[in-house]
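Asker: Let me give you the structure first, and then I'll get to my questions.
The values are calculated or read from the model by the stated rules, or taken from the named source; none is laboratory data. Quantities reported herein were computed from a predicted structural model and do not represent experimental measurements. Here the Cβ positions follow ideal geometry from the backbone for every residue, glycine too, while neighbour counts run over all protein chains shown. Calculation scope for accessible area: heavy atoms of the full protein, side chains included, ligands and nucleic acids excluded. Shrake-Rupley method; radii C 1.70, N 1.55, O 1.52, S 1.80 Å.
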Amino acid sequence: MKTFKLNLKSLLKERGLQQKVFAKQIGLSKYKIHHMCTNKKKAVELFTLYIICQGLDCNLEDMVIVDEVE
């Protein structure tokens, strides 16, 4: 079985961006960004990922980490 985690926290850190500032820049709530950074969200809309990737100038492959679980 595979599990998926978001790499958002690391991507923001690499770019020197704070969650609250980034959320405002892309028009999402700071709470949504926080929950995505801590991987507390179980489901994320593709459009939300698209907006985040556009804001960070990255690809979906940069955003999602796939782990293999036995």
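Asker: Only one of these conditions is not met by THR3: (1) surrounded by 14 or more Cβ atoms within 10 Å (Cβ to Cβ); (2) part of a strand (DSSP E or B). Which number is it?
Answerer: (1)
Asker: Hey, any hits in segment 21-38 for a residue that's in contact with a Leu (Cβ under 9 Å, 6 or more places away or on another chain), in a loop (DSSP other than H, G, I, E, B) and of a type in the set (A, V, I, L, M, F, W, C)?
Answerer: no
Asker: So, LEU12, is that one assigned to a helix (DSSP H, G or I) and in contact with a Cys (Cβ under 8 Å, 6 or more places away or on another chain) or not?
Answerer: The answer is yes for LEU12.
Asker: Being of a type in the set (A, V, I, L, M, F, W, C) and without any contact (Cβ under 8 Å) to a residue 40 or more places away in the chain is the filter; apply it to segment 48-70 and report the residue that is most open to solvent (accessible area, probe 1.4 Å).
Answerer: It comes out as LEU60.
Asker: Still on this structure, I have one more. Quick check: is even one residue across segment 17-31 open to solvent by 70 Å² or more (accessible area, probe 1.4 Å), in contact (Cβ under 8 Å) with a residue 12 or more places away in the chain and within 11 Å of the chain's Cα centre (by Cα)?
Answerer: Scanning segment 17-31 turns up no residue that is open to solvent by 70 Å² or more (accessible area, probe 1.4 Å), in contact (Cβ under 8 Å) with a residue 12 or more places away in the chain and within 11 Å of the chain's Cα centre (by Cα).
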